[in-house]
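Input: a single structure, listed below in C-alpha cells.
The values are calculated or read from the model by the stated rules, or taken from the named source; none is laboratory data. Note that the coordinates shown come from a computational prediction; the quantities given were computed from them, not determined experimentally. Virtual Cβ from ideal backbone geometry, glycine too; neighbours counted across all protein chains shown. Protein only, heavy atoms only, side chains kept; ligands, DNA and RNA dropped before computing areas. Shrake-Rupley method; radii C 1.70, N 1.55, O 1.52, S 1.80 Å.
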Amino acid sequence: MSATVPLACKPGDYKSDTKPIWCPGCGDYHVLLSITRAFAALNLPPEQLAVVSGIGCSSRIPAYTSCYGFHGVHGRSLAVGAGLKVARPDMTVVVASGDGDGYSIGGNHFMHACRRNVDLTYIVMDNHIYGMTKGQPSPTTEPDFDTALSPGGTGLRPFNPLVIALASGANFIARAFSGHVNETAKIIVEAVHHPGFSFVEILSPCVTYRPDQRAWKDCVRSAPVEPTDDAARAARRLMTDDGFNLGVLYRGDRWPYQPRAAATVTDLAEFEKGFEI
Amino acid sequence: MTTGAMLLEAACAAGWNGLLTRSVGPQIRGGEAAALVRLAVEPVECLADHFDLLVGIDWMNAQRFEAEIPLHPGAIIVNDPAVGEPPAAMRAAAGRVIELPITALIKANPAWRANMIALGATAELLGLDSEVLHALISKRFSDKGESVVAASVAAIEAGAAAMAAEAGVAKLARAQKTDVRRWLITGNEATALGALRGGIRFAAAYPITPASEILEWLAPNLPKVGGALVQAEDELASINMIIGSSYGGVPSITATSGPGFSLMIEALGLATAAEVPIVVVNVMRGGPSTGIPTKSEQADLNIAVYGLHGDAPHIVVAPQSVPDCLLTTQWATHLAESLQTAAIVLSDQFVGQAQVAVSRPADVAFIGQRLKATQFEEPYKRYALGGNGVSPMAIPGTRGGQYTADGLTHTERGTPTSGGRDHLAQLDKRRDKLDLHDYGGLWATLEGEGEIAVLTWGSLTGAVREAIARAARDGVKVRLIAPRLLMPVRPAEMAAALEGVTRLLVVEQTHSAQFHRYLRAHYTLPANTSVFHRPGPLPMRPGEIHRQIMQGAAS
Amino acid sequence: MSGPVDAVKVSSPAELYALAYEIETDAVERYKLLADQMQAHNNSELNRIFLDLARAEGIHAAEIQRMAGERGLDAQRAPIGAWRTESPEAVDLAAAHYLLTPVEALQMALAGEERALAFYTGLAAEATDPAVKKLLKEFVAEETEHVELCHRLIRRYSTGSEHPEDLDPPWAVD
C-alpha cells in the first residue's frame, strides 16, 4: 500500500466495478458521470468521500462509486449523512436522493438539514415521479399527470424544493440538468467547496415513466442572472422561475454546524463528581 | 420536589440509603406534586408497600395520589390546619395526624418557605441530624445569599421545633457512617454515564418523557470527551443519525420511549442488516400509543424483542435497578460494538427517573471494541462469512476499505442481491455472531436456592428480591431468576437456572403477560408455573409479590 | 445532442491535444457506460457495438496522448473538461433504450461524430497557428472517416431493424 495519495485522479477512479443498473436513457447515468468528474476535480482520495443515499432509483448511486457508501432506508439519507459528518468532520459527505425519497418521505429531514447547515452536499435527482415503484406521483409531479395511483392527476400543486430550501436556511442552492454533464459536475464541485448545507437539484429525466421529459433538454437554460447572497432576491428569483433555470442560484454565508470539539476531560472519573455526596 | 430531593440527599449524607420518585399532575408547572421517598439502612431498590409519613404542604387535588400513596395503619399525617384537611381516604388510613402550622409560621416570618418548614419537621420526625440539613442548605443556597441561607435554616429549625414535642414517633434506625463513596443518582443519569464509560461519543436526541434526562446529561458532557450530541427533528432522524455516525466509526447512542421507539423500528432493522453498531435506550412508559408518559410499565418487551420486520437478530438487555442502568448500558455498548449490531436497553420510567442514594457502583471493564479492518485483500468483503460471524468493518477514511453498507440483502461484498444463497448465508452470519457470543454471568441475576423460583426482569427485580427476602423470613426459600439479557435467548443457561425448580412464579408489569409468553416461546418452564402480571401505572410493590409467593407455597 | 457546446479558441498544439484528448476520453466513458447498460439489459449485440465504439475512441485517445507526450497533456488538462458544458462529440445517453437497435445506436454515434467533425472544421477555419492548422486538418480527416464509417455501418444494419414494440412491462424492483 502506498503512503502517498495520487494527486491527478481521473473520473474513472471514482467508479466502482459494479455496473450501474438504471433504465437505458435514464438521466441518472449522466449524474453518475457528473459526480465522478466532480470527485476527480476535487482531487480527494476515494476513501475520504462518502456517498449516502436512501431508497429509489437515484439512491443506487453510492454502490456505483468507489467511495465509502451507505444505502439506507427510504427517506432518511440526510440524517445518516448528518450523523456521519458531525461525527467525522474530516470526511467529505455527499448525500444523494430523489424527489420521492428526498421531498416526500424525507421532507421533514430536508427542511431541518437546510436549517441545521451541516457541511455536506445534497444532490436530488428529480424526475417528478416514483420510478422504482412503477410510476406513482411524487411531490414534484404536475397536478394533471395521470397515473395508476392518481387517475386524472393529483390535482395538487407541485412542491418547490428550491424555495423550501431557501426558506429553511440552505446555504447554497443550485439547479442543474443531468444532460449537461460537465456543467453539473462543476456545480457539484462548487457545492462541495461551499461551507454548510449545499443543495443541488438535478433535473434527471425518467425515460420509462416520463418519456415527455426527453423534451427537458430543450427547455433548460442557464439562469440569466448571477448567483446572489441576498436571500430576499433569491426568493423572488426562485418563486418566479419556471423550474428550468440552471446554475447556482443562491450562495449564503452562514457558518456550518459542527458541534464536535476537542476533548477537555480525559479521566471519566471526573463525571462521577456530579453524583458524589 | 426540591424538598424531597433535599431530604434524600441529607439522608444519604447521613449514611442512609434511599429512593425518591415523583408523581405530578398534568400541569407543566404549578400543579399538584408528590415526592415519594423511602429511606432505609439497607440498600433500597423499590418503593415499600406503604408510607409511614405523609407531610402535606397543601391538599389541592391530593386525592389523585390516594392509590399511589398507600398509608401504613400507623402512619402519621402532618397537616397545616390553615390549608384544609387531607383527603378522607388518606385520613382514614393513617393512625395519627400532627398539626404543623406552616401558614401561621410564614405569616410571622415572610422570608420562610413552606417547604423548608416541612423539611425541618420531616427531619425531626425521622431523627435526621439538623447539622446535615444545615450543611446541605449552605451548599445549595449559598449562591442565593446569606439571608436566604439564614431564612432557610430558621424555617427548618422552626419546623423541627414544632415536631419536637411529639411523643411516641418511631425514628429511623441510625445509619452506619462508612468510608464508602456514596452517590445520589437517577437511572437515566446512570444510563448516560454507562454509555460514556462504554465508549459512546455521539448521541442524537429527540426529547421525550421519560427519557430526556439521558440526553440532557449527555448534551453538555459528550463535548467534554471530544464527542457531540445533535438534537434531531424526530426519532426517525435521531436513529438514522447515529447509524451514520457509527458507520463513521464513532460509538453512538440515542434514547427514547415507546412512541419514539416505535418510529425507530425500521432503522433498527437497518442497523442489524447493515451491521452498524448502535445503542438505543427505551425508557418504557405506559402504553400503547401515547399512554401514560410519566408512569412505568414493561409492555414494550414485545416490540423490543419481536418488533423488527424480517429476521433481524439484535441485542435486548434490561437494567434491574437504578445503579444497574450504568452497568447494563455500558454492557450494551460493549455488545453492540463487539457484535456489530443494534443493542436495545429496555429501561423504564421507574428506574429511569427514580433517584437513589447508593454506594458507588463497582467499575467494570467493558469498553466498546469494534473489529476494524485495516488490511485489505482485493476486493474487500465487508460482510465476509466464516469464523464467529463478526466480520472486520472498514471505517470511512481507511484506504482500500471502501464499500457500500446496505440494508438490502447483500453479498459478502455488500452488493445487493435477491439470491437465496447469499440471503441465507447472511441471515446465518447475523444469527450466529449473536448466538455464539459468550455473554458470561451478566446474562442474568441468579440468587438463592430452593424448589420455588420467581422469574422476573427489569425494574421489578428489586421488588421481587425484597419479596423473596420476606418469604425467607417466613421460612420459604425462593430463588430469584432475572435475565438481564433478553435477546438473544440463552436456553442452556436458563435450563441450568431452573434446574430443580418445581414451582415457578413469573412476575411482570404488563397487561397481557408478555414476559410469560416470551418465556414460553423460548424456554422450557416447569409444569407448575403461575404468572403474576398487571399493568401500570402503579409501581409493583414487594408486598403483592410476597403474597403471590406465599399463596403458591401454601397451595 | 447532449448539451450545449462552448466556443473554444486553440492557440497551440498542446492546447489542441488536451482538448482532443478530453473529447475522446469523454466518448470512451459514455460508450462504456452504454455498453454496460446493454449488457445489464441482455442486449448483447448492442453491448458489442458500444464496446467496439469505446475501443475505437480509446485508440484515438491513446494516439493523441502519444502525439502530445504525457507531460504536454497533463499540463493542459482541466479537471472537468475544457467545456463549460459538453464535449462536442458527447453521445446523448438519454437517447438510449433497452430495446435499442444497432441502427439507433449507430445514429447516436453518428450524431456525435458529425458534431466533432463540425467542431474541428470550424476550429481549422479559424486557426492561425500553422502547426495547429495542420493538426486540425488531420483531425478533420479522421472525423470524416468516422462519419463515413458510421454511415457504412448503418447501411449494413438497416435492413429489418424496426424499433421493436415494447411488450415488457416495467417491474417494481426495490
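Under 18 Å from a point 7 Å along the Cα-to-Cβ line of B:Ser359: which residues of the range B:182-203 have their amide N that close?
Residues passing the 18 Å test: B:182-185.
Compute the distribution of all C-alpha to C-alpha distances in the range B:442-554, in bins of 5 Å from 0, and list the percent of pairs in each, rounded to whole numbers.
2, 13, 26, 27, 21, 10, 2, 0
Which net charge results when you count Lys and Arg as +1 and Asp and Glu as -1 among the other residues whose beta-carbon is under 14 Å from that of C:Glu148?
-2
Figure the gain on full extension for B:Leu446 and B:Arg547 (residue separation times 0.36 nm, minus the Cα-Cα span) and round it to one decimal in nm.
That works out to 34.2 nm of additional length.
With +1 on the Cβ of every Lys and Arg and -1 on the Cβ of every Asp and Glu, and nothing else charged, how large is the dipole of chain B about its Cα centre, in debye rounded to the nearest 20?
Value, rounded to 20: 400 debye.
Measure of size requested: the Rg and Dmax of the range B:184-359, with Cα atoms as the atom set and Å as the unit; please supply both.
14.1, 43
Enumerate the residues in the range C:119-161 having an amide nitrogen under 16 Å from the point lying 7 Å beyond the Cα of C:Ser11 toward its Cβ.
Under cut-off, by backbone N: C:126-133.
Give me the three principal axis extents of the range A:1-157 from the C-alpha atoms, as integers in angstrom, largest value leading.
60, 36, 22
Pairs to check: B:Lys433/B:Lys477; A:Lys85/A:Lys186; C:Lys9/C:Lys137; B:Lys107/B:Lys295; A:Lys186/B:Lys381; A:Lys273/B:Lys177. Give those whose C-alpha atoms are more than 27 Å from each other in this structure.
B:Lys433/B:Lys477; B:Lys107/B:Lys295; A:Lys186/B:Lys381
Collect residues whose amide H, placed 1.01 Å from N in the peptide plane, falls under 5 Å from the amide H of A:Gly72; neighbours closer than 5 in sequence don't count.
So A:Gly72 has HN proximity to A:Ser53, A:Gly54.
Counting Lys and Arg as +1 and Asp and Glu as -1, each charge on the Cβ, what is the dipole of the protein assembly as shown about the Cα centre in debye, to the nearest 20?
1940 debye
Does anyone have the angle between helix A:231-240 and the longest principal axis of chain A? Alpha-carbon axes, 0 to 90°, nearest 10?
30 degrees
May I ask you to evaluate 6.51 cos²θ - 1.76 cosθ + 1.60, the Karplus curve with θ = phi - 60°, for each residue of the range B:239-249 and list the ³J(HN,Hα) values in order in whole Hz, giving x for glycine and proline?
With coefficients 6.51, -1.76 and 1.60, one gets 6, 5, 4, 6, 5, x, 5, 6, 4, x, x Hz.
Assuming 0.692 mPa s and 37 °C, estimate D for the protein assembly as shown with Stokes-Einstein, Rh taken as the Kirkwood radius over Cα pairs, in µm²/s.
Translational diffusion coefficient: 102 µm²/s.
Could you compute the FRET efficiency for B:Glu378 and A:His193, with r as their C-beta to C-beta distance and R0 at 35 Å, rounded to 0.05?
Using R0 = 35 Å, I get an efficiency of 0.65.
What's the ranking of B:221-227, B:532-538, B:361-367, B:63-69 by average number of surrounding C-beta atoms within 10 Å, highest first?
B:221-227, B:532-538, B:63-69, B:361-367
Run the simple label-point estimate for B:Glu42 and C:Lys137 please: 7 Å along Cα→C-beta, distance reported in nm.
10.9 nm
What residues qualify as long-range amide H neighbours of B:Val531, i.e. H under 5 Å apart, gap of 5 or more or another chain, H built at 1.01 Å from N?
Amide H neighbours of B:Val531, under 5 Å, 5+ apart: B:Val506.
Which residues belonging to the range B:384-403 lose at least 10 Å² of 1.4 Å-probe accessible area when the assembly is complete, relative to their chain isolated?
With the partner chains in place, the range B:384-403 has these residues losing at least 10 Å²: B:Pro396, B:Gly397, B:Arg399, B:Gln402, B:Tyr403.
Would you mind pulling out the separation of the Cα centroids of the range B:267-293 and the range B:496-555, in Å?
That distance is 26 Å.
Placing +1 on the Cβ of each Lys and Arg and -1 on the Cβ of each Asp and Glu in the range A:155-277, which of A:Cys219, A:Ile202, A:Ala167 has its Cα farthest towards the positive end of the resulting dipole?
The residue sitting farthest along the positive end of the dipole is A:Cys219.
Label 7 Å along Cα→Cβ of B:Ala165; the range B:84-110 residues with amide nitrogen under 13 Å?
Counting only backbone N, you get B:99-101.
Counting Lys +1, Arg +1, Asp -1, Glu -1, what net charge surrounds B:Gly269 among other residues with beta carbon under 14 Å of its beta carbon?
With Lys, Arg at +1 and Asp, Glu at -1, the net is -2.
Going by amide H atoms built from the backbone, whose H comes under 5 Å of the H on A:Ile277, apart from near neighbours?
Result for A:Ile277 returns B:Arg182, B:Leu184.
Using each residue's phi in the range B:36-47, evaluate 6.51 cos²θ - 1.76 cosθ + 1.60 at θ = phi - 60° and report the 3J(HN,Hα) Karplus result to the nearest Hz, with x for Gly and Pro.
My calculation for the range B:36-47 gives 9, 10, 10, 10, 7, 6, 7, x, 10, 10, 8, 6 Hz in order.
At a Förster radius of 51 Å, what calculated FRET efficiency corresponds to the Cβ-Cβ distance of B:His437 and B:Ser147, to the nearest 0.05?
That pair, B:His437 with B:Ser147, gives E of 0.25.
Order of B:437-443, B:4-10, B:504-510 by packing, highest average Cβ count within 10 Å first?
B:504-510, B:4-10, B:437-443
Using a Förster radius of 51 Å, what is the FRET efficiency between A:Asp230 and A:Asp90 based on their Cβ-Cβ separation? Nearest 0.05, please.
0.95
So what's the back-of-envelope 222 nm ellipticity for chain B, counting only DSSP H runs of four-plus at -39500 (n - 2.57) apiece and dividing by all residues, rounded to 500?
-11500 deg cm²/dmol
Could you work out the mean count of beta carbons from other protein chains within 10 Å of each residue's beta carbon in C:86-93?
That works out to 4 on average.
Based on Cα positions only, what radius of gyration and what Dmax would you give for the range B:382-489, in angstroms?
22.0, 67
What Kirkwood hydrodynamic radius do you get for chain B when you take the inverse of the mean 1/r over all pairs of distinct Cα atoms, in Å?
Across chain B, the inverse of the average 1/r is 25.2 Å.
Considering only DSSP beta bridges whose two residues both sit in the range B:442-554, what percent are antiparallel, to the nearest 5?
Close to 25 percent.
What list of ³J(HN,Hα) couplings, whole Hz, do you get for the range C:44-61 from phi and the Karplus terms 6.51, -1.76, 1.60, once you set θ to phi - 60° and write x for glycine and proline?
6, 5, 5, 4, 5, 4, 5, 5, 4, 5, 4, 5, 4, 5, x, 4, 4, 4
Based only on the alpha carbon positions, what is the Kirkwood hydrodynamic radius of the range B:145-193, in angstrom?
Here the Kirkwood hydrodynamic radius works out to 15.1 Å.
Quantify how much of the Cα-Cα distance distribution of the range B:97-161 extends past 19 Å, in percent.
Summing the P(r) of the range B:97-161 above 19 Å gives 25 percent of all pairs.
Going by average Cβ density within 10 Å per residue, which order do the peptides B:388-398, A:236-246 take, highest to lowest?
Result, highest mean Cβ count within 10 Å first: B:388-398, A:236-246.
What's the magnitude of the charge dipole for the range B:184-359 around its Cα centre, counting Lys and Arg as +1 and Asp and Glu as -1 at the beta-carbon? Answer in Debye, nearest 20.
340 debye
Place +1 on the Cβ of every Lys and Arg and -1 on the Cβ of every Asp and Glu in the protein assembly as shown, take the dipole about the Cα centre, and give the residue among B:Ala205, A:Thr154, C:Val103 whose Cα lies farthest towards its positive end.
Of the candidates, B:Ala205 comes out farthest on the positive side.
Under the definition of partner shielding as Cβ atoms of other protein chains within 10 Å of a residue Cβ, what is the mean value for peptide A:256-266?
The shielding value for this peptide is 5.
If you add up the charges near B:Arg38, with Lys and Arg at +1 and Asp and Glu at -1, over every other residue whose beta carbon is less than 14 angstrom from its beta carbon, what do you get?
-4
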